[in-house]
1. For segment 106-126: of the residues being β-branched (Val, Ile, Thr) and in contact with a strand residue (DSSP E or B) (Cβ under 8 Å, 6 or more places away or on another chain), which is farthest from the ligand (Cβ to nearest atom)?
2. Give segment 127-163 a look and list any residue that's buried (at least 17 other Cβ atoms within 10 Å of the Cβ), closer than 27 Å to Phe336 by Cβ and either within 13 Å of the ligand (Cβ to nearest atom) or of a type in the set (A, V, I, L, M, F, W, C) (or both), or say none.
3. How about segment 170-226: which of its residues are assigned to a helix (DSSP H, G or I) and farther than 16 Å from Val266 by Cβ?
4. For Thr75, only one of the following conditions fails: (1) crowded, with 22+ Cβ neighbours inside 10 Å; (2) within 16 Å of the ligand (Cβ to nearest atom). What is its number?
5. For the condition more than 22 Å from Asn189 (Cα to Cα) and at pLDDT below 95, what is the one hit in Ser252, Ser230?
6. Being part of a helix (DSSP H, G or I), hydrophobic (A, V, I, L, M, F, W, C) and touching a helix residue (DSSP H, G or I) at 6+ places or on another chain (Cβ under 9 Å) is the filter here; which residues of segment 237-292 pass it?
7. Scan segment 184-204 and tell me whether some residue there is under 17 Å from Tyr86 (Cβ atoms) and of a type outside the set (Val, Ile, Thr).
Amino acid sequence: MKKYLFYLLAFVFVVFILPIICTTSLEGKEIVANAPNSTNMESDTDQTENNGEQIQNFDENYLKYQTIRLLHTKTGEIEELPMDEYLYGVVAAEMPASYDVEALKAQAIVARTYTIYQAMHSIGKHENADICDDYGCCQAWISKEERFASWNPSEAEANWQKIVDCVNATTGKIITYNGEPINAFFHSNSGGITETSLNIWGGIDYPYLKSVETSGENGYTQYSSEVIMSKEELENKMKEKYSDFKIDFSDSNCIQILEYTSSNRVKTIKIGNKEIAGTEARTILGLKSTNFKFSFDGNQFIFSVIGNGHGVGMSQTGADSMAKSGSNYEEIIKHFYTGVEIK
Ligand SMILES: [Zn+2]
């Protein structure tokens, strides 16, 4: 009886249970075997498609900005201009025509890149416009007529033609990092060393906006400046911003620089009862940059300032200095923006 029971169980095992075990394990193997392949394939396909899409979008965006909608801040009028025609007015407003052609070309590429970056990333900043003509908001722009009015008439035509030729020589060229247009900040004079964007604005630490040194910037009038201010003037300026501002001028430490950035700019400063950022002190006191020292003779403060502008990205006088020493626009751009490409 036991023998029959054994055969019966063996028969059930072989006929019904064994096939189930085999099928399950094979299916399991198939799943395991297929999983990595399909994941890889999907992943490869995704990457290719994504990259393709990104490149395609980038090209489309780039082409889209061949015409710029410029907001004239004084009149509120929006003017549509072909990109290079718009850039004639930007370069004319932002850089002296007397600068070396390689510096002007670098400025044209920087301005084109900045414009495209703004247009791509600042959607809604200006309604129905890509960019405005206010240098404090976007970047400066001047019409040919206005520019001519401020030039010596005998040089005006040649100056304008020099700018037009430099912009035209760079048509279509922009600065990219990882294939994307960079946020191409620029300023007047770095005082010999530029600043990281992080130290000035916080937020994003753009990998291409690092601190770099440039020689020759001390040869320009923008290199140094001085602001002299009476005790009362300083107090009033601070009170305009902080109504509870207090200061005891008999205290020799009534103004104290607390911290410098790695490029020797003022990071934090204590003025009276207020501890503020160097950038804020620059705005309140009307200084050309955050690279400053001060002295006090009991009646007035003397602020001695090095450089002109925020110090981030390309220095215009630095660009001209490099160009006059033989650098071309590509070398200038790659000096001020770390790890970038021009395409
Ligand atoms: Zn603007």
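The values are calculated or read from the model by the stated rules, or taken from the named source; none is laboratory data. Just so you know, these numbers come straight off a predicted model, no measurement behind them. Note that each Cβ is placed from the backbone with ideal geometry, even for glycine, and that neighbours are counted across all protein chains shown.
1. First pass over segment 106-126, keeping only residues β-branched (Val, Ile, Thr): 109-110, 113, 115-116, 123.
Remaining after also requiring in contact with a strand residue (DSSP E or B) (Cβ under 8 Å, 6 or more places away or on another chain): 109-110, 113, 115-116.
On the way: Ile109: 20, Val110: 17, Thr113: 16, Thr115: 11, Ile116: 14 Å.
Among those that are β-branched (Val, Ile, Thr) and in contact with a strand residue (DSSP E or B) (Cβ under 8 Å, 6 or more places away or on another chain), it is Ile109.
2. Across segment 127-163, the qualifying residues are Asp130, Ile131, Cys132, Asp133, Cys138, Gln139, Ala140, Trp141, Ile142, Trp160, Ile163.
3. Within segment 170-226, the subset assigned to a helix (DSSP H, G or I) is 197-201, 217-219, 221-223.
Selection gives Ser197, Glu217, Asn218, Gly219, Thr221, Gln222, Tyr223.
4. Answer for Thr75: the failing condition is (1).
5. Checking each option against the conditions leaves just Ser252.
6. First, pick out the residues of segment 237-292 that are part of a helix (DSSP H, G or I): 237-241, 278-285.
Still in the running and hydrophobic (A, V, I, L, M, F, W, C): 238, 281, 284-285.
Across segment 237-292, the qualifying residues are Met238, Ile284, Leu285.
7. Of segment 184-204, the ones under 17 Å from Tyr86 (Cβ atoms) are 184, 186.
Restricting the remaining residues to those that are of a type outside the set (Val, Ile, Thr) gives 184, 186.
Yes: one or more hits.
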